[in-house]
Amino acid sequence: MIPVIATEIEFYLCGTEPDWHSVFAGFDLYRFERERGEGQWEFSLNPSRQIETIVADTAILRDKLQALGADFSAKPLPHQPGSGLHIHVHIEDEEG
């Protein structure tokens, strides 16, 4: 059995939006979209059997976005939805 994971992380970014293409360049991005909160965003990485890569890429992207002013706090704004990190896991056999 082979574990496959993907991460999905939400954050708030107030102010000027960066060039998102350059932020995510080189990463295996599944989706990037606005979330429910004002100034809230979410990115998801593609599922992968390379768990170490998914963990490292998630941390690198978090650091890059924090440097741009992103807030990954669970509930940074009292009247806005909270943010979180979701880790999706499924198990495959040798045939997928």
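The values are calculated or read from the model by the stated rules, or taken from the named source; none is laboratory data. What you are looking at is a predicted structure, and each value in this text was computed from that prediction instead of being measured. Positions of Cβ are backbone-derived with ideal geometry, glycine not excepted, and every protein chain shown enters the neighbour counts. Calculation scope for accessible area: heavy atoms of the full protein, side chains included, ligands and nucleic acids excluded. Shrake-Rupley method; radii C 1.70, N 1.55, O 1.52, S 1.80 Å.
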To the nearest 20 debye, the stretch 50-96 has a Cα-centred charge dipole, built from +1 on Lys and Arg Cβ and -1 on Asp and Glu Cβ, of 600 debye
Only four residue types carry charge here, +1 at the Cβ of Lys and Arg and -1 at the Cβ of Asp and Glu. Report the dipole size of the chain about the Cα centre in Debye, rounded to the nearest 20.
400 debye
Charge dipole of the chain built from unit charges on the beta carbon (Lys, Arg +1; Asp, Glu -1), centred at mean Cα; most positive-end Cα among 46, 14, 65 is 14
Calculate the spin-label point distance for residue 35 paired with residue 64, positioning each point 7 Å from the Cα along the beta-carbon direction, and give it in nanometres.
1.9 nm
May I ask you to list the chymotrypsin sites (Phe, Trp or Tyr not before Pro) in the chain that are in a DSSP loop and have at most 15 other Cβ atoms within 10 Å of their Cβ?
72
Once neighbouring chains are kept in place and the probe is 1.4 Å, which whole percent of the accessible area of the chain is contributed by carbon and sulfur?
53 percent
Over the stretch 31-81, what per residue volume does the convex hull of the Cα atoms give, in whole Å³?
85 Å³
Qualifying GluC sites (Glu not before Pro) in the stretch 1-82, DSSP loop, other Cβ atoms within 10 Å at most 14:
38
